[in-house]
């Protein structure tokens, strides 16, 4: 019993050393920053009826992505129930696809009173299922949003550091007036969203060596026990 306990202790200690650099789940990327500051009164982009909207985001370290929050404009009383999402290296789900979800279940809650155009502002959330990504730049694309009424769903344009792209107007920039709308939010055409998850350090070589030594020690202990039997 004591030998088994010591072996488990060694493995547990090594595991903590190997992955102890992982931080608690938090916002890995916010656009704009903070998400709660968006006015929701400038413009928004359709994410159903065949339209696709993409925004870039940056990860400063290797990360495990848990969920996405994004702000939408809904017709009064509507609530988004699902959306198709893709995280890829290119706009519109092109290039390398790192993760995707068809008709991902959406949690939809009120984000505040109706905006000046009469739309309800809602904060929508869907799970990414623990998607692991290395540091770098990626594109989040949303499309095929679902509401019971069959009405359009619009992704709020809140400004921020992201690049924005839309399937009908292509790249949306302040220089081209956000495509054909001419409306720029806080100097940008980007949409309002947040990537949530856990940022963690890659295990150092010496830590990996310790982990390997722990496994070797466990195997040796099992062999000794078998011989004793």
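Candidates are the residues of the stretch 79-98 that are crowded, with 21+ Cβ neighbours inside 10 Å and closer than 19 Å to residue 151 by Cβ; the one that is nearest to the chain's Cα centre (by Cα) is 83. For residue 101, the conditions (1) farther than 25 Å from residue 77 by Cα; (2) crowded, with 22+ Cβ neighbours inside 10 Å all hold with the exception of (2).
Which one of these is closer than 17 Å to residue 104 by Cα and either part of a helix (DSSP H, G or I) or touching a residue at least 12 places away in the same chain (Cβ under 8 Å) (or both): 81, 61, 56?
Details: 61 fails: closer than 17 Å to residue 104 by Cα; 56 fails: closer than 17 Å to residue 104 by Cα.
Just a single option satisfies the conditions, and that option is 81.
Which residues, taken from the stretch 44-78, are surrounded by fewer than 22 Cβ atoms within 10 Å (Cβ to Cβ) and over 25 Å from residue 99 (Cα atoms)? Those that are surrounded by fewer than 22 Cβ atoms within 10 Å (Cβ to Cβ) and over 25 Å from residue 99 (Cα atoms): 75, 76, 77, 78. Condition check: at pLDDT 95 or above and part of a loop (DSSP other than H, G, I, E, B). Does residue 29 satisfy that? In short, no.
The values are calculated or read from the model by the stated rules, or taken from the named source; none is laboratory data. Since the model is a prediction, treat every value here as computed from it, not as a measurement. Ideal geometry is used to build each Cβ from the backbone, glycine not excepted, and the neighbour counts take in all protein chains shown.
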